[in-house]
Amino acid sequence: MAAMLKLACVVLACMIAVAPYAAEGAISCGMVTSKMAPCLGYLRRGDLSPRCCPGVESLLAAAETTSDRQTVCNCLKSASGSIAGINYDNAASLPSTCGVNIPYEISPSTDCTTVQ
């Protein structure tokens, strides 16, 4: 229950923080959160849900523009810094585990302005 409350707070914070970016693109932090929520077990403990990789894949497919990709990056950056228990080694291995290429690390220190 506490994790879901934190997740809801992150979603709200992301929506406020990237509202100018989201207005330009089709991606919102709410969408990022819903697609990545099945991956929390993997990001924390390495437990891969069958719904994790399809969510990651569909999120990447939806991020068609630079603005969309920067929005996704900013949402992931914010969430990774505010959700307790994230194992950054697991976060780094998530793209290869799911067979996709994410051109940045899922980390609170990622510079999303460089994402093309």
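The values are calculated or read from the model by the stated rules, or taken from the named source; none is laboratory data. A quick note: this is a predicted structure, and the numbers were derived from the prediction, not measured. Neighbour counts are summed over all protein chains in view; Cβ atoms, including those assigned to glycine, are modelled from backbone coordinates with ideal geometry. Surface accessibility is based on the protein's heavy atoms, side chains included, excluding ligands, DNA and RNA. Shrake-Rupley method; radii C 1.70, N 1.55, O 1.52, S 1.80 Å.
Applying the set (1) open to solvent by less than 20 Å² (accessible area, probe 1.4 Å); (2) in a loop (DSSP other than H, G, I, E, B); (3) at pLDDT 95 or above to Thr110 leaves exactly one unmet item: (3).
Per-residue answers, yes or no, for (1) open to solvent by 50 Å² or more (accessible area, probe 1.4 Å); (2) in a helix (DSSP H, G or I); (3) among the small types (Gly, Ala, Ser):
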residue: Met36; (1), (2), (3): no, yes, no
residue: Pro54; (1), (2), (3): yes, yes, no
residue: Gly81; (1), (2), (3): yes, yes, yes
residue: Asn90; (1), (2), (3): no, yes, no
residue: Glu105; (1), (2), (3): yes, no, no
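Residues that are free of Cβ contacts under 8 Å to residues at least 60 places away in the same chain and open to solvent by less than 30 Å² (accessible area, probe 1.4 Å) within the range 63-79 comprise Ala63, Ser67, Asp68, Thr71, Val72, Cys73, Leu76, listed in sequence order.
Of the listed requirements (1) of a type in the set (Val, Ile, Thr); (2) closer than 22 Å to Gly41 by Cβ; (3) out of contact with any Pro (no Cβ under 8 Å at 6 or more places or on another chain), Thr65 misses just one: (2). Of all the residues in the range 92-103, those that are without any contact (Cβ under 8 Å) to a residue 40 or more places away in the chain and outside any loop (DSSP other than H, G, I, E, B) number 4.
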